[in-house]
Amino acid sequence: MIRAVVFDIGGVLERVADDAWPEVWIGRWEGRAGRPTGTIAAYLAEHAPQGSLVTGEVSEAQLRQLYVDALGLDDASAD
């Protein structure tokens, strides 16, 4: 049972030099959801809000909703 998902936006908690980790992480979610490889990444790319999270053009709520929709999470799972 997944108890929490922590997003480290901007490498605050951990610096990762490996550019492949997002694909590995998304691939694990696709496997758990029974979705074909590439479907979640394609959804995220197609539905990503325009603007920057860093400058506040995109809110945390918008980014959260993007992942809720892409991963098929309910509110409890997203929290």
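The values are calculated or read from the model by the stated rules, or taken from the named source; none is laboratory data. Please read these numbers as outputs of a predicted model, since none were measured by experiment. So basically every Cβ, Gly included, is an ideal-geometry build from the backbone, and we count neighbours across all protein chains shown. Protein only, heavy atoms only, side chains kept; ligands, DNA and RNA dropped before computing areas. Shrake-Rupley method; radii C 1.70, N 1.55, O 1.52, S 1.80 Å.
Structure notes:
- For the chain, built as a Gaussian network whose Cα springs stay under 10 Å, the top-fluctuating residue of ALA41, ALA20, ALA33: ALA20
- HN-Hα J in Hz across the range 57-67 - Karplus 6.51, -1.76, 1.60, θ = phi - 60°, x for Gly and Pro: 5, 10, 7, 4, 4, 5, 5, 4, 5, 4, 6
- Taking trypsin sites (Lys or Arg not before Pro) as exposed when their DSSP state is a loop state and no more than 11 other Cβ atoms lie within 10 Å, the longest site-free interval of the chain runs over 16-79.
- Accessible surface, the chain, averaged per residue in Å² (probe 1.4 Å): 78 Å²
- Probe 1.4 Å, all protein chains present, accessible-area order of LEU44, LEU63, largest first: LEU63, LEU44
- The alpha-carbon atoms of the chain define a convex hull whose volume equals 111 cubic angstrom per residue.
- A Gaussian network model of the chain, with springs between Cα atoms under 10 Å, assigns the largest mean-square fluctuation among VAL24, VAL54, VAL12 to VAL12.
- Amide H partners (placed H, <5 Å) of LEU53, local residues excluded: VAL58
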